[in-house]
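Trainee: The structure is given below, and queries will be raised subsequently.
The values are calculated or read from the model by the stated rules, or taken from the named source; none is laboratory data. Source: prediction; values computed, not measured. All Cβ positions, even for glycine, are placed from backbone atoms using ideal geometry, and neighbour counts span all protein chains on display. Ligands, DNA and RNA are excluded from the accessible area calculation, which covers all protein heavy atoms including side chains. Shrake-Rupley method; radii C 1.70, N 1.55, O 1.52, S 1.80 Å.
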Amino acid sequence: MPLALYNTLSKQKEPFEPLDPNYVRMYVCGPTVYDFAHIGNARPVVVFDVLFRLLKNLYKRVVYVRNITDVDDKINTAAKENKENIRQLTDRTTEAYHDDMNALNALPPTREPRATEHIPQMIHMIEELIKKDFAYPETGHVLFETGKYKNYGALARRSLDEMIAGARIEVALYKRNPGDFVLWKPSHEDEPGWDSPWGRGRPGWHIECSAMSAAYLGEEFDIHGGGIDLVFPHHENEVAQSCAAHGTERMAKYWLHNGHLMVDGSKMSKSLGNFLTVRDLLSEHQGETIRYALLASHYRQPLDFTKDQLMQAKQSLDKFYRALGDAGNFSVDLPHVEPDSSVMEALLDDMNTPLALTHLQNLVTDYNKSKDPAVAAKLKKSAYFLGILEQNPKNWFMQSVKKETLSAEAVEGLIQRRNQARKDRDFKAADALRLELDEAGVLLEDSLEGTKWRWK
Ligand SMILES: [Zn+2]
């Protein structure tokens, strides 16, 4: 069965046919690194990781690019609040992001360009847009003139007027039309900035993705992905910039978007108290449990993330690992085992992960009846494409016990006692507490702001 994907551009499921049959190119918008990733940030990472695994199985060469946005007003604000140097903040949060996504079993993308390392490419692209009369400089800013690009709105399928009315678009004196968007803006002395033909300034967010995708994937590539909230204005603007600058008809052949994520029935917000960082979730759950809960709904559906779902995910994984543990060591033959055809068919049909998980559960039922290690091997081999069952079963159950016996509060308590012991210069006691935490599987990270921790 060939791979079929739902394309936001055509609003239908289409057979996947890459521009070059031997080389697949995919770009997914990455995080703005100013704080810990929340569970909503993790959804596209996990969804496109499943696609990356499938593509790598189908094609000789797959290049997956996911950027890091490390220049943004949110970063400037956070750095000021933390009294932290910007590069320190973005390095620290990028590292935390890598750790968290790694804990969710997401493979690293082929390339992960940082926006600040591609400023010359962005400036060059903006110059092209001005030369071709799609953009205009105005008092230190450069703006894209949306009215000049005839296909504007084709991805979001809305007229320019509707889009302007729907989005909270800033009306500003330097804009010829309210729908025009910023390619370049001036920087104050205390803000990060680069010299450009329009003065010292910094790029707008949209141009970053256009410049970085072109740098690594070319002017046209196969798949562009991200969350549904990025369709407008971010992706619409990316298409306009890229196509106008390169004189192409399309930027990407397939546009894929994952649905919204809510927590306990509401939009996640710090004030509602339902704001979940991946880091916090990892203190109580294994990464695989979180990943399973994210994949238990179809990626295009909105997902309401709840404790119940995490519990169900854990129970299913326990069942899977029990079967694998019971089947013993069959890993020697694993490279030659074929994945289950029903699981693969479900995944190839627009990544139907809930159906694929149901088929995995059927394999467990089969195994429990037959006790045939070949069935268990098939289970493990098929689960790879969902990025689960990658641990040794013993380790899975050991980690589960750890998370259940030592609560996050208990860990915090031990850390506080250790910090007090250090303050009192009772290093013997501090060392003993550190050892106790270490044995419980807690990794401590001491820094100037205090002690942070995570499960090993
Ligand atoms: Zn983007």
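Trainee: When Lys and Arg each count +1 and Asp and Glu each count -1, what net charge do the other residues less than 9 Å away from Leu143, Cβ to Cβ, add up to? Please report the intermediate quantities before stating the final value.
Mentor: Numbers: positive: Lys175, Arg176; negative: Glu138, Glu145, Asp180.
That works out to -1.
Trainee: In terms of Cα to Cα distance under 23 Å, which lysines are near enough to Lys83, apart from those fewer than 8 places away along the same chain?
Mentor: Lys74, Lys270, Lys452
Trainee: Suppose every Lys and Arg Cβ carries +1 and every Asp and Glu Cβ carries -1, with no other charges. What dipole size does segment 120-271 come out with about its Cα centre, to the nearest 20 debye? Mind showing how you got there, number by number?
Mentor: Details: 16 positive and 22 negative charges, 66 e Å.
For segment 120-271, the charge dipole is close to 320 debye.
Trainee: Taking +1 at the Cβ of each Lys and Arg and -1 at the Cβ of each Asp and Glu, which of Asn76, Leu19, Ile86 sits farthest along the dipole of segment 1-139 towards its positive end, judged by Cα position relative to the Cα centre?
Mentor: Sorting the options by dipole projection puts first Leu19.
Trainee: Round to the nearest 10 and give me the degree value, 0 to 90, for the angle of helix 39-58's Cα axis relative to the longest principal axis of the chain.
Mentor: 80 degrees
Trainee: Compute the helix-to-body angle for 353-370: its Cα long axis versus the longest principal axis of the chain, expressed 0 to 90° and rounded to tens.
Mentor: With rounding to tens, the tilt is 20 degrees.
Trainee: Still on this model: For the chain, which whole percent of the accessible surface, found with a 1.4 angstrom probe, sits on carbon and sulfur atoms?
Mentor: 50 percent
Trainee: Roughly how many debye, to the nearest 20, is the charge dipole of the chain about its Cα centre, given +1 on each Lys and Arg Cβ, -1 on each Asp and Glu Cβ, and no other charges? Could the numbers behind the result be given before it?
Mentor: On the way: 57 positive and 66 negative charges, 118 e Å.
Magnitude of the dipole: close to 560 debye.
Trainee: Going through segment 12-84, which trypsin sites (Lys or Arg not before Pro) have at most 16 other Cβ atoms within 10 Å and a DSSP loop state?
Mentor: Values: sites: Lys13, Arg25, Arg53, Lys56, Lys60, Arg61, Arg66, Lys74, Lys80, Lys83; in loops: Lys60, Lys83.
Passing both the DSSP loop test and the Cβ count: Lys60, Lys83.
Trainee: Next question. Which of the listed residues, Pro339, Asn258, Val364, is farthest toward the dipole's positive end in the chain, when Lys, Arg count +1 and Asp, Glu count -1 at the beta-carbon?
Mentor: My answer, from the dipole projection, is Val364.
Trainee: For Phe16, which sequence-distant residues (separation of 5 or more, or a different chain) have an amide H within less than 5 Å of its own amide H, given hydrogens modelled in the peptide plane?
Mentor: Hits under the 5 Å cutoff: Leu3, Ala4, Leu5.
Trainee: I've got another one for you. At a 10 angstrom cut-off on C-beta neighbours, averaged per residue, how do the peptides 432-441, 338-347 rank from highest to lowest?
Mentor: Final packing ranking: 338-347, 432-441.
Trainee: What are the ³J(HN,Hα) couplings of segment 334-349, residue after residue, when phi is run through the Karplus curve with 6.51, -1.76, 1.60 and θ = phi - 60°? Round to Hz, x for glycine and proline.
Mentor: 3, x, 9, 7, 8, x, 5, 5, 5, 4, 5, 4, 4, 5, 5, 8
Trainee: Same structure again: What is the set of long-range amide H partners of Asp304 at a cut-off below 5 Å, with H atoms built 1.01 Å from backbone N?
Mentor: Met262
Trainee: Another question about this same structure. Hey, what's the chain come to in accessible area per residue, 1.4 Å probe, Å²?
Mentor: Working: 21460 Å² over 456 residues.
About 47 Å² of surface per residue is accessible.
Trainee: Give the residue from Pro373, Trp194, Ile119 lying farthest towards the positive end of the charge dipole for the chain; charges sit on Cβ (+1 for Lys and Arg, -1 for Asp and Glu) and the dipole is referred to the Cα centre.
Mentor: Selected residue: Pro373.
Trainee: As I understand it, the value is the acute angle between the Cα axis of helix 86-103 and the longest principal axis of the Cα atoms of the chain; what does it come to in degrees, rounded to 10?
Mentor: It is inclined by approximately 40 degrees.
Trainee: Also: Go through segment 239-253 residue by residue and turn each phi into a ³J(HN,Hα) via Karplus (6.51, -1.76, 1.60, θ = phi - 60°); whole Hz please, and just put x for glycine and proline.
Mentor: So the J values, rounded to whole Hz, are 4, 4, 4, 5, 5, 5, 5, 8, x, 9, 8, 9, 9, 10, 6.
Trainee: For segment 406-455, what is the charge dipole size about the Cα centre, in debye to the nearest 20, if Lys and Arg each add +1 at the Cβ and Asp and Glu each add -1 at the Cβ? Each step should come with its number before you reach the end.
Mentor: Values: 9 positive and 11 negative charges, 33 e Å.
Dipole of segment 406-455, to the nearest 20 debye: 160 debye.
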